[in-house]
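Each value in this text was obtained by applying a stated rule to the coordinates, not by laboratory testing. Quantities reported herein were computed from a predicted structural model and do not represent experimental measurements. Methodologically, a virtual Cβ is constructed for each residue, glycine included, from the backbone with ideal geometry; neighbour enumeration extends over all protein chains shown.
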Amino acid sequence: MADNKRIDRRRFVIGALQAAGLFVLAGCDNLSRSDWFTSLLGKAEGVTRRAQRLLTPRRAMAKEFTEADLSPVFPPNGTDNPANPVYQALARNGFADWRLEVGGLVQHPAVFSLAELRDMPSRTQITRHDCVEGWSAIGKWTGIQLGELLARVQPLPSARYVVFYCADPDEDGQHYYESIDFEDAYHPQTILAYELNGKTLPIAHGAPVRLRVERQLGYKMAKYVMRIEVMESFASIAGGQGGYWEDQGYEWYAGI
Amino acid sequence: MSNPSEMSGEPLAGNPLEEPVDSASTVSQTPSPIPVPVVARPESHETPEPAPRVHRIYRHKLPVRLAHWLNVLCLPILIMSGLQIFNAHPALYWGDRSDRDRPILSMRAMRTESGEVVGVTTVFGHAFETTGVLGLSHDSVRGFPAWATLPGGKWLAMGRQWHLFFAWLFVINGLIFGLYAILSRHLSRDLFPKWEGLRGIGQALKDHLLLRHPTGEKHYNVLQKIAYTGVVFGLGPLIVLTGLSMSPMIDAAFPGLLTLFGGRQSARTIHFLACFAFIGFVVIHLSQVVLTGLWNNLRSMLTGWYAVEESGATHGGQQAN
């Protein structure tokens with residue numbers, strides 16, 4: 001009798017475990033689609049951002065490598081040639097007519113040509129690019145420090161974010177955009193790069209100018225930058241999450 | 001929880017059943033204070049001896065049980081969401097960068113000469129066909145199959161959300177447990193292997209491999225001690241630190257981490273290997289839980305109370321641990 005009871009109990013528990021397993025797996029996928037749960041999971045991003053910012057000195061630099069460390073091939077990711085007639089026209093002319101508009105909450109909105117950017121003091125850095133997918137590549141980037149550019153336009157005290165609007169649309173016509181805060185914007189390694197590995201930035205890598213934010217993941221580093229806007233909030237742009245991939249569920253703070 | 005006046009070492013030979021862990025556990029001759037009746041001996045594969053005397057000891061304190069069940073929640077989620085993240089680039093490398101022509105391991109789908117699409121896993125240049133599991137499963141090109149990932153479908157953003165949320169829970173749980181184990185002397189008394197135990201490791205290994213498991217022991221045996229100490233203070237920190245090494249921000253703050261692990265891609269590879277070490281631990285742990293008395297083990301991890309036999313209860317478990 002006692003043995004039977006024990007076997008019944010065992011069967012019950014094993015059956016319950018199996019049912020629970022299936023229930024949990026289906027439940028997890030349901031949870032992934034529910035608002036309350038994803039917003040709960042999303043709380044981790046704020047904790048990560050605060051913890052990482054607390055642990056990392058403002059000026060802590062991403063490691064800079066040597067020429068010997070360069071990736072033999074730096075794989076382009078995402079758009080490799082924007083399907084945008086305006087961009088294509090600019091590219092045909094070697095971006096001679098391209099102008100970078102810097103405006104928004106600034107005292108002196110300005111427009112820069114590529115030649116003007118190239119005439120400003122430049123910074124060259126050999127850094128590791130970490131894609132959210134998991135791969136890394138090392139490249140040598142040359143460009144103008146974003147802080148240098150911002151100093152020329154003088155952001156207003158209410159400004160909190162620097163938003164980058166890009167030339168590349170997706171199939172739905174939604175253009176790539178990204179945003180960073182001033183802590184990243186004024187970091188010495190945050191540059192608008194116009195050269196990769198000592199050569200003019202190729203179209204596949206975001207010509208004429210792409211952003212480098214070396215302490216975050218690759219998707220923060222907008223390619224094909226056309227316009228920079230200094231803002232107090234990015235909630236009004238597209239999906240309101242501060243970037244193209246952010247609108248699709250990726251973290252705004254991409255420090256890990 | 002702990003009684004500072006209690007003994008710390010091994011139980012004395014004169015009274016081997018005196019439980020040194022907690023004053024509440026010195027119940028050798030008195031009925032257990034919990035309402036569960038003292039029933040039969042714990043399950044084992046031995047022939048029952050005539051009416052063994054069983055009593056219960058308070059084996060797992062509340063912090064241990066809480067930490068344990070939080071890990072039970074976190075680990076499957078972390079492993080499965082981790083495989084989802086891995087699937088975004090199902091290849092591993094050594095060093096700082098990932099040169100795509102030089103992976104240590106890769107999972108791909110390829111078309112054979114006959115036009116058939118197959119899943120191929122390549123390890124150190126050796127290719128294996130792994131259709132249905134790795135590289136290609138259910139007509140979908142992916143590293144690990146849908147049943148192994150969270151979420152099931154390809155969804156990197158959501159995999160990261162799960163992973164990074166439960167990683168925090170896992171880390172906080174691990175930090176609290178680690179501190180508790182050190183401060184309460186749970187580590188020194190119950191977990192850390194003792195020299196006498198280590199000398200008996202050969203016998204213990206042999207007994208375990210022959211499935212002659214000690215059952216109803218009061219203390220962890222030497223293999224358990226090595227496994228638990230290794231996981232809590234070795235594998236756990238390793239998987240957390242290699243995880244953090246994949247953060248470009250943390251790398252800027254602590255450049256030594258990457259020196260330690262040999263580069264970001266190496267850290268990613270070690271993170272992956274540590275994940276499978278965890279899976280290996282869980283598989284062995286669960287099989288041991290079943291083999292040494294599922295109900296007794298389960299009860300002790302739920303309520304704290306564990307049944308031990310007064311005599312002849314064990315074989316292979318008599319050595320000091």
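Mean per-residue shielding of peptide B:151-160 is 5, counting Cβ atoms of other chains within 10 Å of each Cβ. Remark: the Cα gyration tensor places segment A:62-248 in the rounded category, a/c being less than 1.5. Annotation for segment A:1-94: trypsin sites (Lys or Arg not before Pro) lying in DSSP loop with at most 12 further Cβ atoms inside 10 Å of their Cβ are A:Arg33, A:Arg58, A:Arg59.
Roughly how far apart, in whole Å, are the Cα centres of segment A:177-211 and segment A:97-154? Taking the Cα centre of each part, segment A:177-211 and segment A:97-154 sit 5 Å apart. Every Cα-Cα pair in the protein assembly as shown was counted, and those over 32 Å apart are 56% of them.
When only alpha carbons are used to place a centre, segment B:184-222 and segment B:102-170 end up 38 Å from one another.
Taking K and R as +1 and D and E as -1, what net charge do the other residues with C-beta under 10 Å from the C-beta of A:Ile203 add up to? Around A:Ile203, the charge tally is 0. Once you sort the root eigenvalues of the Cα gyration tensor of segment A:2-49 as a ≥ b ≥ c, which label holds: rounded (a/c under 1.5), prolate (a/b larger than b/c) or oblate (the other case)? Judged from the Cα gyration tensor, segment A:2-49 comes out prolate (a/c at least 1.5, a/b above b/c). Peptide B:85-97 has a mean shielding of 4, counted as Cβ atoms of other protein chains within 10 Å of each residue's Cβ. Here the simple spin-label model places points 7 Å from the Cα toward Cβ, and for B:Leu211 and B:Glu129 these points are separated by 3.4 nm. With a Cα cut-off of under 17 Å and a minimum spacing of 8 residues unless on different chains, the lysine pairs in the protein assembly as shown number 9. Secondary-structure-derived ellipticity at 222 nm for chain A, considering helices only, amounts to -9500 deg cm²/dmol, per-run term -39500 (n - 2.57) for DSSP H runs with n ≥ 4. For segment B:97-143, the relative contact order comes to 32 percent (Cα pairs under 8 Å, sequence separation of at least 6).
Residue ranges A:12-22, B:76-86 sort as B:76-86, A:12-22 when ordered by packing (mean number of other C-beta atoms within 10 Å per residue, highest first).
Shielding of peptide A:210-218 by partners, expressed as the average count of other chain Cβ atoms within 10 Å per residue Cβ, is 2. Please give the net charge around A:Ala83, taking every other residue with its beta carbon less than 11 angstrom from that of A:Ala83, where Lys and Arg add +1 and Asp and Glu add -1. Residues near A:Ala83 contribute -4 overall. Is segment B:181-247 rounded, prolate or oblate when judged by the Cα gyration tensor, a ≥ b ≥ c being the square roots of its eigenvalues, rounded requiring a/c under 1.5 and prolate requiring a/b larger than b/c? The shape class here is prolate. Using the Cβ of B:Gln161 as centre and a radius below 15 Å, the other residues enclosed give a net charge of -1, where K and R count +1 and D and E count -1.
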